[in-house]
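Enquirer: Here it is, the structure, as structure tokens.
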Amino acid sequence: MTRETRTHIFVAAVTALAAVLAVLAWDSALPFPGWWAFGSFLLIAFLLETLNTQLRVEAKGSTSFIMHIAAGLLFGGFWSSLIAGLSTMLGELARGNQPIKMVFNVSQRVVAVVVATLLYTSLGGHLPPIYLSPGVTLSSDVLQRDLGLFFLFAACYFLLNSVLVSLVVSISSERSFREVWSLNTRGVLGYDLGASLISLLVVWLYTFVQRWVGFGPIGLIGVIIPIVAVRHVYGLYHQLQDSGQELLQLMVKAIEARDPYTSGHSLRVRALSRAIAVELGRDSGFATRRRQDP
């Protein structure tokens, strides 16, 4: 079986899973949030899709997960999966990606947000969360449970997203899953979980403005600056990785220029070091060039 055939089979399986999950989410769907709410979440998620960053191994990442998670908490699994799927599709079209990449990325986002929402509700989480209700104190057991389940929601979303993307990249590039996941995910997983807190800000601002003036989408203006700041942090992180790699390569070339007899030795040491580091579950710092899309 060729690499291309294996990739197509995996994409077809993920697409079928996304379709099944969308049907399950529809059976328990919350009422339609309204065109203004739906459209505003979709627009911001799409704009964040276009502001992507390059990951280290054949994938890109964006901060659109902030809107996906927020939509899941406010509108439930079905409407949030529709927002995630449509915004991802529009982003893929804007980037001119191949059809198979578009199908996979739309499907894996749907899978991630629906499974995370179903897990959240099955463990007793409220939609919308109880901490959005007026008069609820921080000492409330229900509020504390919803807050705790939020982090489980986010962790489930990120885990599914990173695993599915790493699997398809591993299959299509014939690299080990462990290596791809380590290089693309390990260093930014903490950033992702921290950035997911902005989803709570989105949810709170939307609910507060909706209750105050009757038009929640206006509240989304207040989250633009934090989202841009998170995008900037991700960009700096990847620039630092690339700069460090370029500096090391320059040092190697300088050493080899002084002693031509060692030429090629550093490259062999690099290959062996990376193989050992990947096997130990660590990033060696030498690799090809992030919520992740192939």
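The values are calculated or read from the model by the stated rules, or taken from the named source; none is laboratory data. Please read these numbers as outputs of a predicted model, since none were measured by experiment. Quick reminder, even Gly has a Cβ in these numbers, built from the backbone with ideal geometry, and neighbours come from all protein chains shown.
Enquirer: Of the residues ALA37, ALA29, only one is over 13 Å from VAL111 (Cβ atoms) and not in a helix (DSSP H, G or I); which?
Expert: Just one listed residue meets the conditions, ALA29.
Enquirer: Further question: What's the number of the condition VAL168 fails, among (1) crowded, with 17+ Cβ neighbours inside 10 Å; (2) at pLDDT 85 or above; (3) not in a helix (DSSP H, G or I)?
Expert: In the conditions (1) crowded, with 17+ Cβ neighbours inside 10 Å; (2) at pLDDT 85 or above; (3) not in a helix (DSSP H, G or I), VAL168 misses (3) alone.
Enquirer: For GLU49, indicate whether it is modelled with pLDDT under 90, of a type in the set (D, E, K, R), more than 21 Å from LEU193 (Cβ to Cβ) and under 15 Å from the mean Cα position of the chain (by Cα).
Expert: So GLU49 fails the test.
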